[in-house]
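First the structure, in the form of structure tokens, and then the observations on it.
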Amino acid sequence: MAEEQRRARRGGVDTSVRTSAVWSSVSDLAARREAELGRPLRVLDLGGGTGGLAVPLAERGHHVTVVDPSPDALASLSRRSAEAGVGAHVTALQGDADTLEQALGGDPVDLVCCHGTLEVVDDPPAALRSLAAVLAPGGHLSLVAAQRLAAVLSRALAGQLRQAAVALASPDGRWGPGDPLPRRFDAADLVAMVAGAGLTVCETHGVRIFSDLVPSALLDSEADRTALLDLELAATHHPDFPFLGQLGASLHVLARRG
């Protein structure tokens, strides 16, 4: 793949409304930790699928192991990493949260990424404990998980008031049997779950605070999309309105072991 194509893909993770805030936090954290350790990081991406996060991290020199239950996704990951010229830095392993220690052979990692996966595991607290167990002392967890409040708001604004009420009251944050997600989380409960796994929460911020609420018909131009991205990034860490994070479709939690 030509260098300009690789740059374009890196730009995509930087500029996509769905990924920009998460990527900014993860890449900054990885750069700081790499400077502290004096070497590239050993990264685990649980449920990393086709490598949307793993490949950009590998392009920065880190060694990424993707553990995912889908053989098709892992095959796509292998092709994608090879095309990007980072196949030697990406390892694809079939497995799940219950098999992490065996998959890694007991070698601790410096960064664990678990993005959009906690919603679908059988036992979220147990999965977080497994993730914490494979972190080296001083290592970090990057966790992205869906939030209940955003689903309530989006269903209400769409006129699906019954579904909004169900999502508000249901223990799993789902709006009904047609909901594609097995569960959503409340911000306070998610933070408490991470702390319960023995990790220290360093930072939290909402992801896709506005973007899922703006009709795509209003985003026809590149200027409109850039304005939405700028608004998202401004709201993500706004010091005067921390509650905005709870309106995000997902919550991004950064935590540290030891």
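Every read-out reported here was derived from the displayed coordinates using simple, explicitly stated rules and does not represent laboratory data. In this text the structure is predicted, and so the values were computed from the model without any measurement. Here the Cβ is made from the backbone with ideal geometry for all residues, glycine too, and neighbour counts use every protein chain on show.
The table below gives the values:
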{"item": "With Cα atoms, 0 to 90° folded angle of helix 187-196 axis to the chain main axis", "result": "30"}
{"item": "Contact order relative to length of the stretch 34-175, as percent, for alpha carbon pairs under 8 angstrom and 6 or more apart", "result": "20"}
{"item": "Normalised contact order of the chain, rounded percent, pairs of Cα under 8 Å and 6 or more residues apart", "result": "18"}
{"item": "Residue-count net charge about residue 98 - beta-carbon cut-off 15 Å; Lys, Arg +1, Asp, Glu -1", "result": "-4"}
{"item": "By average C-beta atoms within 10 angstrom, highest first, the peptides 39-49, 197-207, 23-33, 177-187", "result": "39-49, 197-207, 23-33, 177-187"}
{"item": "Assigned charges on the beta-carbon of Lys, Arg, Asp, Glu; the stretch 129-219 dipole about Cα centre (debye)", "result": "200"}
{"item": "Proxy reagent accessibility, fewest Cβ within 10 Å first, across 77, 149", "result": "149, 77"}
{"item": "Burial order of peptide ranges 102-111, 247-256 (average beta-carbon count within 10 Å, highest first)", "result": "247-256, 102-111"}
{"item": "Relative contact order [Cα under 8 Å, 6+ residues apart], the stretch 95-186, whole percent", "result": "26"}
{"item": "Dipole in debye (nearest 20) - the chain, about Cα centre, beta carbon charges: Lys, Arg +1; Asp, Glu -1", "result": "60"}
{"item": "Nonlocal amide H pairs with residue 248, under 5 Å, H built at 1.01 Å", "result": "207"}
{"item": "Overall Cα dimensions of the chain - principal axes, largest extent first, Å", "result": "49, 42, 38"}
{"item": "Principal-axis tilt of helix 222-236 within the chain, Cα atoms, nearest 10 degrees", "result": "90"}
